[in-house]
1. Could you grab the pairs with beta carbons closer than 6 Å, sequence gap of 6+ or different chains, first residue in the range A:120-140 and over 18 Å from A:Glu32 (Cβ atoms), second one outside any helix (DSSP H, G or I)?
2. Please pick out the residue among A:Ala151, A:Ala187 that is more than 15 Å from the chain's Cα centre (by Cα), within 26 Å of B:Leu128 (Cβ to Cβ) and part of a helix (DSSP H, G or I).
3. Go through the residues of the range A:147-170 one by one and say whether even a single one is assigned by TED's automatic domain parsing to the domain that holds A:Asn90, among the β-branched types (Val, Ile, Thr) and more than 24 Å from B:Glu174 (Cβ to Cβ).
4. Could you list, in sequence order, the residues of the range A:84-139 that are aromatic (Phe, Trp, Tyr) and closer than 22 Å to A:Ala29 by Cβ?
5. Do you know which of the residues in the range B:135-148 that are surrounded by fewer than 19 Cβ atoms within 10 Å (Cβ to Cβ) and among the basic types (Lys, Arg) is farthest from B:Ser41 (Cα to Cα)?
6. Report, by residue number, each residue of the range A:18-34 that is within 22 Å of A:Phe113 (Cα to Cα) and either within 14 Å of chain B (Cβ to nearest Cβ) or surrounded by 17 or more Cβ atoms within 10 Å (Cβ to Cβ) (or both).
7. Please determine, by comparing only the residues of the range B:83-125 that are outside any helix (DSSP H, G or I) and under 30 Å from A:Phe115 (Cβ atoms), which one is nearest to the chain's Cα centre (by Cα).
8. Across the range B:35-72, what is the number of residues that are within 14 Å of chain A (Cβ to nearest Cβ), among the hydroxyl-bearing types (Ser, Thr, Tyr) and touching a residue at least 40 places away in the same chain (Cβ under 8 Å)?
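The values are calculated or read from the model by the stated rules, or taken from the named source; none is laboratory data. Keep in mind that this is a model prediction, so the values were computed, not measured. Cβ placement follows ideal geometry from the backbone for every residue including glycine, while neighbour counts extend to all protein chains displayed.
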Number of protein chains: 2
Amino acid sequence: MKLTSPGRGGRPPRQDGAREQTRDALLRAGTEILTEHGFASTGIDMVLKRVGVPKGSFYYYFQSKEDFGAAVIDSYAAYFARKLDRSLLNEQMPPLERVVAFVEDAKLGMSRFEFRRGCLIGNLGQELGALNENYRLQLEGVFRDWQRRLATCLEAARSAGQLAPDADPAALAEFFWIGWEGAVLRAKLVRSAAPLDCFFNGFVAALPRTA
Amino acid sequence: MKLTSPGRGGRPPRQDGAREQTRDALLRAGTEILTEHGFASTGIDMVLKRVGVPKGSFYYYFQSKEDFGAAVIDSYAAYFARKLDRSLLNEQMPPLERVVAFVEDAKLGMSRFEFRRGCLIGNLGQELGALNENYRLQLEGVFRDWQRRLATCLEAARSAGQLAPDADPAALAEFFWIGWEGAVLRAKLVRSAAPLDCFFNGFVAALPRTA
């Protein structure tokens, strides 16, 4: 990330509420820009400009560019966990149909941005995983959290008889997220949902069913 | 890619053989550095320095930085196609075992660099796919080539009765490469071959077998 060192003379808003709002706006803009462009080619200036925050006040909100990156990852992880849970905890439908609902939701989400945005965690994992040990552990932690949420849903599918009794929800959830990130990458490249469907069809074919 | 514009006064070697050798050395170094660091954070200076080529002669070998990137992709694609074919065309073993042999070879290849290098095509696909239409089409073409090679091997598996008669080799090959790139990404993040095994186990579970 290009980060020219701004002076520290910015005048942040006085009230805590306004401060929180500005911080959130910076995180939202950071998420969007980092998802589309990656860390190295994103300048902090782009983020500040989009939010309309003067350059000088960046350090009022974040200690450093690393700190900003970590906060963007946390914020995206929390947003995505809520999105996942909306499908995976939806007791209106059987467990495996909830996974289908998540996939359809994700396809819609990617098509909304013409398949130009991928997954922030996958993107940064590739770019920063080898460079920065803190980011590496943080990003892997996010994948493990998403896997746990999916594994819980697959356990429910097993209990409901949608999966065979010897199905391994944790291993299946890991398989899903490993391949899904590849599918998101490829969907960006071909600018279509076809890779998401192709991977999900393969995932479903791999599920051990009751005989 | 940071590319400071070098002067054009470099003195390249006179003989065609030496010229070819230097060009190959630049492509090899470019492949290594780009695979590890990506485009944006790789400077052409790093490549020239590693090869010991003076800055001024870069444009003798490549018209532009885009041209260099495209040549690196072509060179990596050709290297990897040979690597794939060594396993997938090996008639000493049944077709599905050849796919296993490729996976084992790939695991060894990643462990040799402590899982710090991924797949150049996957990396650049993520980084450049949204930015540059020429690269996007070139990178997708490479995936399609790899898919064709795997599909041919899966057709042989179907003919040999290792797969069910209604198996779709092209769709299975696409499924493999979509998920495999995700597995390579994750292997980099956790610095272990476990995600490659996890994905491959899922892929094998998804293969339609003869009853």
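1. A:Ala130/B:Arg116; A:Arg136/A:Gly129
2. The conditions single out A:Ala187.
3. yes
4. Those that are aromatic (Phe, Trp, Tyr) and closer than 22 Å to A:Ala29 by Cβ: A:Phe113, A:Phe115, A:Tyr135.
5. B:Arg148
6. A:Leu26, A:Leu27, A:Arg28, A:Ala29, A:Gly30, A:Thr31, A:Glu32, A:Ile33, A:Leu34
7. So the residue we want is B:Cys119.
8. 2
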